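**Student:** One structure is given below, represented as structure tokens, and several questions about it will come after.
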Amino acid sequence: MLVNLPLVAVGPLVDWLDRRADQKARLKAMDELSDAPDDMLSDIGISRDDITTYAFRSSASRRRG
């Protein structure tokens, strides 16, 4: 069933859905990198400790932009 939302409610909803999709993608990437072997992480130039740092740093820079 479709609901007729006032236009003022659509913008924030779309923003929230975008942020949620970005968060889900970031968490999925973190999970995949966490499961990767250390030599693969070394090949792409990050350490296991860097995984969450890069994920949260990239999300903070997106919010500022």
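The values are calculated or read from the model by the stated rules, or taken from the named source; none is laboratory data. This structure is a prediction, so every number in the text was calculated from the model and none was measured. Remember, those area values only see protein heavy atoms, side chains included, never the ligands or the DNA or RNA. Shrake-Rupley method; radii C 1.70, N 1.55, O 1.52, S 1.80 Å.
**Student:** Checking Ser59 against (1) modelled with pLDDT of 75 or more; (2) open to solvent by less than 100 Å² (accessible area, probe 1.4 Å), only one condition comes out false. Which one?
**Tutor:** Answer for Ser59: the failing condition is (1).
**Student:** Going by what's in this entry, would Ala25 be described as open to solvent by less than 100 Å² (accessible area, probe 1.4 Å) and at pLDDT 90 or above? Full working, then the answer.
**Tutor:** Numbers: open to solvent by less than 100 Å² (accessible area, probe 1.4 Å): yes; at pLDDT 90 or above: yes.
Criteria met by Ala25.
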